[in-house]
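The values are calculated or read from the model by the stated rules, or taken from the named source; none is laboratory data. The model shown is predicted, which means the values in this text are computed figures rather than measured ones. Note that each Cβ is placed from the backbone with ideal geometry, even for glycine, and that neighbours are counted across all protein chains shown.
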Amino acid sequence: MDASPFTVHFEALRAHAARLADTPLRKLAATPDRATKLALRVGPLYANFARQRYDDAAIDTLFALADTAQFPERVIDLFEGKRVNPTEDRAALHVALRSALSDTPVAVEARKEAEAALVRMRRLVGALQDTPITDIVSIGIGGSDLGPRLVVDALSPPTPGRFRVHFLSNVDGAAAQRVLAGLDPKRTAAIMVSKTFTTQETLLNGEIVREWLGNDTHLLAVTANVARAAEFGIPADRILPMWDWVGGRYSLWSAVGFPIALALGMQAFEQLLAGAGEMDEHVLRTAPRENLAYWHALTAVWNHNALGYASQGVFPYDDRLKLLPNHLQQLVMESLGKSVRLDGTPVGERTVPVWWGGAGTDVQHSFFQALHQGTDIVPGDFVGVVEADHPHRENHRALFANLLAQTEAFANGAGNDDPHRRYAGNRPSTVFLLDALTPRSLGALIALYEHSVYLQSVAWGINAFDQFGVELGKQVANKLLPAMRGQAAEIADPVTQALLREILRER
Ligand code: F6P
């Protein structure tokens, strides 16, 4: 692999990791003032990095990497609408959906289109409110599903609002059957959310729902492919736009967020955008050492490339955020799961770790044993929400006692003469605290992760905005579909042949 100008920094980072190998995290974290010095606040979001296994010298090297990789310049490129996705010859202007921070013609034009779409969205929400519709089925998958699903689940009040929103993503017919069971077609509207309008899952589920509705006046779409949606039978006045300059996993801020606006109201959707916009402004305008996205991205690089940790956990200590790991998994792993640099040469460093997680305290009773005493260390992002929106105060106290206890126990460990009862500690974590769970704070948190992902891609020199890796499986599935229908198909792979025989045999 060719060395990049960043290689020297990565090697220096590994030397720091070796130097710090015998320095316990509890000792690093006890450095005077560190617990407050390695903390940052952006609006409603506080983050503490004191329990990461770096010291000042290692941090200096991380920021030297950010400097060589030109983090500030690359962030400006993003906001200005430069072609940061060169393999598809596109900008990635999701920031224009929520903030107006650049005056380049392309950014201004994108912002104008985003605002026009918001006006149409507001009108459609109002129009649906004036109908007997009570339930909405949002049909989409991947980026056309995970972000809206997370936000709706996180912010829905305990009793449903004007509409109950249901999500249908999986091509498994059982998913459609379950979602539609108990719904009344006369009181249900469906939205097909698909940037390309070519996604197999969404088209098949769309057909099921269209037939079930019996009358396609209750069918709407969000897409960049108006022609295909029209062919499907959805007229232009019921189609909200998408654009090639917004990637699927960055699209919840666009009309892809229509289900959010229906579930929570247009005002909440706009507050979500405002929270993300606040984070955009912070990331664009704040100096590296005070920049939360820089810290988060550099910490990820440190854990993966210097300390060699192969996975990263995300543990919301708030039941309403239980879908956060799912959304981040797509955001991070579809963006950073690459092996070549922008110029096509092999990437010099290991890229994306495995991102996974789940909500505390449930996870404490499933896989936390492995995190405390297993041989692999998994750094964790812990997310807590300080203000509870429920009256069960003792539960809230217990929830936070657990969050604090886990991060402390991971870091400090505990000695014991019995090796089975010993905790090695040295397990790093970052703690995020949201003042309260609101559209604004959630918008800021998600936008922070988006910026961090982009900066990690900059550090590795890869493209965060394409996803060719998912294409091969789709192509092979298309070739196999006729065989599944019992039609003639040329199948060369002997294992696939054997499996097909088993699946299709008479029972
Ligand atoms: O999984 C691949 C992918 O292309 C994602 O990037 C995208 O969010 C998802 O499929 C859905 O695509 P579409 O919105 O075009 O239906």
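Summary table below
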quantity	calculated
All positions within the range 212-264 that are within 13 Å of the ligand (Cβ to nearest atom) and free of Cβ contacts under 8 Å to residues at least 40 places away in the same chain	221, 223, 224, 225, 228, 229
Residue within the range 404-418 that is closer than 30 Å to residue 280 by Cβ and either modelled with pLDDT under 95 or surrounded by 16 or more Cβ atoms within 10 Å (Cβ to Cβ) (or both) present	yes
Flag if residue 443 is closer than 20 Å to residue 44 by Cα and crowded, with 20+ Cβ neighbours inside 10 Å	yes
Among the candidates 317, 309, residue that is surrounded by 18 or more Cβ atoms within 10 Å (Cβ to Cβ), modelled with pLDDT of 95 or more and in contact with a Phe, Trp or Tyr (Cβ under 7 Å, 6 or more places away or on another chain)	317
Selected residue (only one of 335, 251, 339 is buried (at least 24 other Cβ atoms within 10 Å of the Cβ) and outside the structural domain of residue 101 (by TED's automatic domain parsing))	335
Sole residue being more than 11 Å from the ligand (Cβ to nearest atom), among the polar types (S, T, N, Q) and crowded, with 19+ Cβ neighbours inside 10 Å, chosen from 144, 169, 156, 138	138
Conditions (1) closer than 30 Å to residue 20 by Cβ; (2) free of Cβ contacts under 8 Å to residues at least 40 places away in the same chain; (3) more than 25 Å from the chain's Cα centre (by Cα); number of the one not met by residue 424	(2)
Of residues in the range 298-329 being within 14 Å of the chain's Cα centre (by Cα) and aliphatic (A, V, I, L, M), the one nearest to residue 377 (Cα to Cα)	314
Helices (runs of 4 or more DSSP H) (entirely within the range 398-507) containing at least 2 residues that are farther than 30 Å from residue 156 by Cβ and charged (D, E, K, R)	471-484, 494-504
Candidate set: the range 184-211, residues that are of a type in the set (A, V, I, L, M, F, W, C) and over 13 Å from residue 138 (Cβ atoms); chosen: the one farthest from the ligand (Cβ to nearest atom)	208
